[in-house]
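In what follows, a structure is listed as structure tokens, so that the remarks can point back to it.
The values are calculated or read from the model by the stated rules, or taken from the named source; none is laboratory data. The structure presented is a predicted model; accordingly, all values stated were derived computationally and were not measured. Glycine also receives a Cβ, built like all others from the backbone with ideal geometry; neighbour counts cover every protein chain displayed. Areas reflect the complete protein model, heavy atoms only, side chains present, ligands, DNA and RNA absent. Shrake-Rupley method; radii C 1.70, N 1.55, O 1.52, S 1.80 Å.
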Amino acid sequence: MDLMQGVEFSHWLFNNYLENKNILVDATCGNGKDTLFLANKIDSNGKLYAFDIQKEAINNTKKKIEEKELNINIDYINDGHENIDKYVNKKIDGIIYNLGFLPGSKKEVKTEKETTITSLNISLDILAKGGLIVIVIYSEHEGGSEEKAAVLNFARGLNYKKYNVLHYHFINQKKNPPEVIAIKKRNGIK
Ligand SMILES: C[S@@+](CC[C@H](N)C(=O)[O-])C[C@H]1O[C@@H](n2cnc3c(N)ncnc32)[C@H](O)[C@@H]1O
């Protein structure tokens, strides 16, 4: 078996390291692949929030979920994930970010390092103990390598007593395949 690519690995982390899965967030829902993955994890008592700044992305995601006729509680939020705490007033068990631009759409509309870091800071605050944040980082597009550097810098600076932090990336490729950062809030912290 080949080593997992970034998106597959991000889902593997959720499958293996998510302790509770009542409240989940897709911070960049795009065409809805991650939202659908998360939607299959929660039950009828759970709640899923899907954010995107583009109406097109919200519509694509909504369509993908509605086709499956799942009995779940989901809020579609056409706003930036830097405003996450305006919409989510509960502790989050898991949150996924898939940084970059909407595949098949305008490359200029993309996640930006400032708003991504603002959002990550807020997400850490509202993450439950044992909770998981997974960030898939694409960096080939304009501004992507700066955003990647900012996210890596942010992740490296987290206190090891509070968080387990992992960086997964291939190191011998010509292009820059997506990289993954995982942040697990340790159970023992106050
Ligand atoms: C790489 S795509 C996500 C792909 C998606 N996970 C999927 O499965 O199709 C990144 C998405 O982030 C969105 N985005 C950009 N800035 C954002 C922000 N500040 N808050 C929320 N979404 C944002 C873009 O509109 C784009 O749809």
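Shape analysis of the range 6-185 based on the Cα gyration tensor places the equivalent ellipsoid semi-axes at 23, 20, 15 Å, largest first. Note that the chain presents 54 Å² accessible area per residue, ligands and nucleic acids not counted, probe 1.4 Å. The string of couplings for the range 9-20 from the Karplus curve (6.51, -1.76, 1.60, θ = phi - 60°) is 5, 4, 6, 4, 4, 5, 5, 10, 10, 8, 6, 10 Hz, one whole number per residue in order, with x for Gly and Pro.
Applying 0.36 nm per residue to the separation of Asp125 and Arg186 and subtracting their alpha-carbon distance, the gain on full extension is 20.7 nm.
Out of Asn172, Gly6, Tyr17, whose Cα points farthest toward the positive end of the dipole of the chain (charges: +1 Lys, Arg; -1 Asp, Glu; placed on Cβ)? Farthest towards the positive end: Tyr17.
Here the range 6-185 is assigned +1 on the Cβ of each Lys and Arg and -1 on the Cβ of each Asp and Glu. Its dipole about the Cα centre then comes out at about 460 debye.
Gain in length, Glu69 to Lys91, computed as 0.36 nm per residue apart minus the alpha-carbon separation, to one decimal in nm?
Numbers: separation 22, 0.36 × 22 = 7.92 nm, distance 2.63 nm.
Going from the current span to full extension adds 5.3 nm.
Stretching the chain fully between Lys55 and Arg156 yields a gain of 33.0 nm (0.36 nm per residue, less the alpha carbon separation). Which percent of the Cα-Cα distances in the range 89-164 go past 21 Å? Roughly 30 percent, once rounded to a whole number.
Please find the FRET efficiency linking Glu112 to Asn20, where r is the Cβ-Cβ separation and R0 is fixed at 45 Å, and quote it to the nearest 0.05. FRET efficiency, Glu112 to Asn20: 0.90.
Split the accessible area of the chain by element, probe 1.4 Å, and carbon with sulfur accounts for 46%.
Annotation: amide H of Lys47 within the under-5 Å range of Ile23, Leu24, sequence separation 5 or more or interchain, hydrogens built in the peptide plane. Shown in residue order for the range 137-147 are the 3J(HN,Hα) couplings computed by the Karplus curve 6.51 cos²θ - 1.76 cosθ + 1.60 at θ = phi - 60°: 10, 9, 9, 6, 7, 4, x, x, 6, 5, 5 Hz (x for Gly and Pro). Here Glu146 and Lys62 are evaluated by their C-beta separation; at R0 = 35 Å the FRET efficiency comes out at 0.65. Karplus couplings for the range 44-61 from phi (6.51 cos²θ - 1.76 cosθ + 1.60, θ = phi - 60°), rounded to Hz, Gly and Pro as x? With the stated coefficients, the range 44-61 comes to 5, 8, x, 9, 10, 10, 10, 9, 6, 7, 9, 4, 4, 5, 4, 5, 4, 5 Hz. Close amide-amide hydrogen proximity is noted between Ile92 and Leu127, Ala128, each under 5 Å apart and 5 or more residues distant or on a separate chain (H modeled in the peptide plane; Pro and chain starts excluded). Only DSSP H runs of four or more residues enter the estimate; each adds -39500 (n - 2.57), and after division by the residues of the chain the mean residue ellipticity at 222 nm equals -10000 deg cm²/dmol. Backbone amide hydrogens, once placed in the peptide plane, bring Gly143 within less than 5 Å of nothing, excluding anything fewer than 5 places away on its chain. Sorting 85-93, 153-161, 135-143 by average packing, meaning the other beta carbons within 10 Å per residue, from highest down gives 135-143, 85-93, 153-161.
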